[in-house]
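A quick write-up on the structure given underneath.
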Amino acid sequence: MTAAINLHAIKAIYLFELARTWRTLFQSIAGPVISTSLYFIVFGAAIGSRFTAVEGVSYGAFLVPGLVMMSVLTESVSNASFGIYMPRYSGTIYEVLSAPISAFETVIGYVGAAATKSIILGTLILLTARLFVDFSIAHPFWMVAFLVLTSVTFSLLGFILGIWADGWEKLQIVPLLIVTPLAFLGGSFYSISMLPPFWQKVTLFNPVVYLVSGFRWSFYGTADVPVALSLAMTALFLVICLGVVWWIFRTGYKLKN
Amino acid sequence: MQPIIQVRGLEKTYASGFQALKGIDLDIRRGEIFALLGPNGAGKTTMISIVCGIVRASAGTVTVDGHDIVTDWRAARSLIGLVPQELTTEAFESVWATVSFSRGLFGKPPNPALIERILRDLSLWEKKDSKVIALSGGMKRRVMIAKALSHEPRILFLDEPTAGVDVELRRGMWEMIGRLRESGVTIILTTHYIEEAEEMADTVGVISGGRIILVEKKAALMEQLGQRQLTLQLQSPLPAIPAELSSYPLTLSEDGRKLVYRFDSQHEHTGIATLLRRLGDHGIDFTNLRTEESSLEEIFVSLVRERA
């Protein structure tokens, strides 16, 4: 008798991927936490004290949501891409392909593990930040919602990247040339109202702006763009990523020849 | 009884334009050991990969215990364990973790007692906590077999199972495969070691250039195509085969001490009796004589050459 959904397989992949996190704990959790702490020390505590408050929030506190978002989305991409690229590279993917497991279940396992890791990471960064600056969370429910949505969406993006890449270089190049610049220019360090009008328009093409803005709204109730728009854009991005993943498995792109 | 694997009109053309399979029809009987022989690039691995769901067929159908591998893939794949040719293992996982992972992946609840038994059977128990990367090639191969067995498959595919495994371990592996068969598992193996097929297989299939050339019970194959030869060790060296005996298919060794006679063991009159009398007539004495059957390897080589 075969079950309609292979829960054991989802669990196996999920736990296997999380085990990889524990094995490389320092690299995957401690690294981002430490580097984010450095941002707080430099921009929040040291330089930030010279800055005026942004939209009524001290600069150090203003940074918190943006920095959490930045770490979460870059780590989601790199984690999820590595998680699926590694078995492709080593050849162990044969086992997943030959197993009685659907595309959907595979994605839940891999992306779920990567997103879980990002959520843990985001939470740890928030706790670390509390040591350096004082901040409050106005809408905890939406804070968690944005954190989860972003983690899942960018883990999906990472999964796609890990399937598209056919070399280590390609695997590195997208985070380096696209994700990191978008994250830096996505309003993590500034409010887009601080930009000249022309760049305010340009920056609206950056999806990260909507994530950071929405996430910051959940903390302080102020946002660069309406929060409904943030939510809609995040959901749109999620749907696009899901569509691409669906296409990948339907066509067997780079997985089956 | 319905065959456990039924392949019909299976074709595969890769994106590069290379046609690896050109219409394969094959039945594999329940509970047998089926050896698939063929030169490199004959399509062995492609065929296995299609049955296991790793490669998509261009045309044709495959059913596994009645389940179509495309429309009823979940049921079909649950029954199959695959040990691929390449040594591909998770490097940094422990043996125990990677084997348990495989069981979960195939939808089975954890069963530590079973995993323990498999690891003990494969002499891997002492290494259960070692990282896979720290193991020797032969051990990695056995880890892959353990992974394939972890979910209690009814059908086991072994693609070149004993490549890179030393002779003693190979014996052990053969014994294990024999035990699996006794427990009712159907085993399909591809191999370069003809002796492996000769030792274990019930049925032999020969594939060459993407086509099945022949499928035959091993014993029947050896009988049908088996040439026998009679080797006579001569008492004193012979300068040449006497002209009167030229009608016999005889060959003389270079030192003139060995005379080889080829005959068909299936034929009613093998001609041995008359040959020996004629030798006696010519005063050719021999100190020893022995007969041999041609090995599967010789049969195989001649088959592939014939059809090429």
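Structural remarks
- In region A:223-252, the residues that are within 14 Å of chain B (Cβ to nearest Cβ) and assigned to a loop (DSSP other than H, G, I, E, B): A:Gly252
- Candidate set from region A:156-197 (those that are among the aromatic types (Phe, Trp, Tyr) and surrounded by fewer than 21 Cβ atoms within 10 Å (Cβ to Cβ)); member that is farthest from A:Asn79 (Cα to Cα): A:Tyr190
- Some residue of region B:101-119 being more than 30 Å from A:Ile108 (Cβ to Cβ) and either surrounded by fewer than 23 Cβ atoms within 10 Å (Cβ to Cβ) or away from chain A (no Cβ under 12 Å) (or both): yes
- Taking the criterion of being under 16 Å from B:Gly81 (Cα atoms) and more than 7 Å from every other protein chain (Cβ to nearest Cβ), the only residue of region A:80-95 that qualifies is A:Ile93.
- Residue check for B:Ile133: within 18 Å of B:Gly81 (Cα to Cα), within 14 Å of chain A (Cβ to nearest Cβ) and in contact (Cβ under 8 Å) with a residue 24 or more places away in the chain: no
- Residue in region A:36-59 that is under 30 Å from A:Val107 (Cβ atoms), in a helix (DSSP H, G or I) and without any contact (Cβ under 8 Å) to a residue 40 or more places away in the chain present: no
- Only a single item in (1) within 20 Å of the chain's Cα centre (by Cα); (2) surrounded by 19 or more Cβ atoms within 10 Å (Cβ to Cβ); (3) at pLDDT 90 or above is not met by B:Leu37, and it is number (3).
- In the set (1) aliphatic (A, V, I, L, M); (2) more than 14 Å from every other protein chain (Cβ to nearest Cβ); (3) touching a residue at least 40 places away in the same chain (Cβ under 8 Å), A:Leu255 fails one condition alone, (2).
- Residues in region B:43-66 that are surrounded by fewer than 21 Cβ atoms within 10 Å (Cβ to Cβ) and at the interface with chain A (Cβ under 9 Å from one of its Cβ atoms): 1 in all.
- Among residues of region B:17-42, those that are within 14 Å of another protein chain (Cβ to nearest Cβ) and closer than 21 Å to B:Gly53 by Cβ, counted: 4
- Matching residues, region A:225-242, being closer than 8 Å to A:Tyr210 by Cβ, among the hydrophobic types (A, V, I, L, M, F, W, C) and buried (at least 17 other Cβ atoms within 10 Å of the Cβ): A:Val225, A:Met233
- Against the conditions (1) under 15 Å from B:Ile145 (Cβ atoms); (2) within 14 Å of chain A (Cβ to nearest Cβ), B:Ile69 satisfies every one except (1).
The values are calculated or read from the model by the stated rules, or taken from the named source; none is laboratory data. Treat the numbers as computed from the prediction; the structure is a model and nothing was measured. For neighbour counting, all protein chains shown are included, and Cβ atoms are generated from backbone atoms with ideal geometry for every residue, glycine included.
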